1. Residues in the stretch 221-248 near a label at Val69, defined as backbone nitrogen under 20 Å from the 7 Å Cα→Cβ point?
2. No solvent, one uniform scatterer per C-alpha: report log10 I(q)/I(0) for the stretch 1-70 via the Debye equation at q = 0.11, 0.18, 0.29 1/Å, two decimals.
3. From the Cα gyration tensor of the chain, with a ≥ b ≥ c the square roots of its eigenvalues, which class applies: rounded if a/c is under 1.5, or else prolate if a/b is larger than b/c, or else oblate?
4. Which whole-number percent gives the relative contact order of the chain, counting Cα pairs below 8 Å spaced six or more residues apart?
5. Add -39500 (n - 2.57) for each DSSP H run of 4 or more in the chain, then divide by its residues: what number comes out at 222 nm, to the nearest 500 deg cm²/dmol?
6. Would you list which aspartates and glutamates come within 12 Å of Lys285, measuring only between C-alpha atoms, while excluding same-chain residues fewer than 8 positions from it?
7. Report in % the part of the accessible area of the stretch 1-131 that belongs to carbon and sulfur, leaving out ligands and nucleic acids; probe 1.4 Å.
8. Starting from the Cα gyration tensor of the stretch 241-285, take the square roots of the eigenvalues, sort them a ≥ b ≥ c, and report rounded, prolate or oblate (rounded when a/c is under 1.5, otherwise prolate if a/b is larger than b/c, else oblate).
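The values are calculated or read from the model by the stated rules, or taken from the named source; none is laboratory data. Keep in mind that what you see is a predicted model, and the values were worked out from it rather than measured. A quick note on method: Cβ atoms are made from the backbone with ideal geometry, for glycine too, and the neighbour counts reach across all protein chains shown. For the accessible areas, the whole protein counts, side chains as well, though only heavy atoms, and no ligand, DNA or RNA atoms are used. Shrake-Rupley method; radii C 1.70, N 1.55, O 1.52, S 1.80 Å.
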Amino acid sequence: MSKDIWFLLPAVVFVLATVAYPLVYNVGQSFFDVGIKEIVQGGADFVGFDNYSDQFARDAFWRATGISVLYTSASVILTLLVGLGLALLFNADFPGRNLLRAFVLAAWILPTVVSANLWRFILDGTYGLFNAILQSVGLIDDDVFWLGDPFTALIGVTAATSWSFAPFAMILLLAGLQSISPTLYEAALIDGASAWQQFWRVTLPILRPVVLTTALICFIYTFKTFDTVFLMTGGGPGGATTILPIYAYDQAFTFYDFGKAAVATTVLLIIPIMLSIPYFRSLRKEDRS
């Protein structure tokens with residue numbers, strides 16, 4: 001065995017301790033009846049799939065799952081659209097491009113606590129910036145409590161999440177754009193293709209693998225997002241933004257039923273894996289062709 005393998009040992013131990021062990025422990029805990037007493041003293045009873053059957057029979061669980069899928073899908077679509085628009089903008093050469101790009105990246109660099117509280121301030125019904133702008137242009141007369149309405153609250157957390165992830169999507173898509181040979185656009189221009197036709201016939205097909213990769217990464221990260229939604233709405237109003245991570249949090253730290261909370265977090269693992277399977281299959285087909 002090469003001595004160089006020992007340099008990998010710290011990284012392997014770190015991954016096993018912080019990723020593999022908690023993952024296996026969480027899945028295992030979903031098969032036990034675990035409360036506060038069992039957490040402190042141990043000796044939890046094995047209940048098999050009873051926790052799963054109990055959760056799968058609850059409307060609240062499926063409602064949280066549906067909200068998670070809706071919130072994640074809308075966030076990913078908006079993130080890709082904004083990220084692609086920014087990538088196309090910064091792919092062009094104009095004065096101050098690097099400085100402006102640095103400002104855009106600030107949204108991604110900011111800690112989640114800061115960005116979530118920033119958006120909560122913007123959407124605040126009493127002194128929020130969004131209301132002030134709309135009132136200044138005459139679109140609204142009275143204060144609107146955006147995070148107090150079920151529909152607009154979900155839109156608000158979606159916008160906040162997309163705002164945070166759009167710079168990350170921009171970086172990946174911009175790298176894909178810069179890898180496209182200019183000769184392809186020159187050939188398309190000679191054939192009489194318009195700017196839209198060049199984008200639709202040249203840019204998007206070549207950028208497709210990057211778009212799929214970006215979409216998958218954003219989906220995985222957004223689907224397990226907890227802090228942004230929790231800080232902005234706490235899952236309210238009326239459970240309108242209770243996504244699966246918040247549902248699991250309530251099961252664990254409100255009802256102290258850690259076994260049933262583990263079911264929700266296990267589902268958080270399974271759904272992205274199921275989504276990743278067709279993605280990797282499509283990549284294999286492209287590699288073979």
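1. 221-226, 239-248
2. Debye curve over Cα of the stretch 1-70, log10 I(q)/I(0) at q = 0.11, 0.18, 0.29 Å⁻¹: -0.50, -0.87, -1.13.
3. oblate
4. On the way: 305 pairs, mean separation 80.7, N = 289.
Once normalised by length, the contact order is 28 percent.
5. Values: 15 runs with 203 residues, N = 289.
It comes out at -22500 deg cm²/dmol, rounded to the nearest 500.
6. Within reach: none.
7. Numbers: 6220 of 8580 Å².
On the stretch 1-131, the fraction of accessible area on carbon and sulfur atoms equals 73 percent.
8. Values: a/c = 7.24, a/b = 3.13, b/c = 2.32.
Judged from the Cα gyration tensor, the stretch 241-285 comes out prolate (a/c at least 1.5, a/b above b/c).
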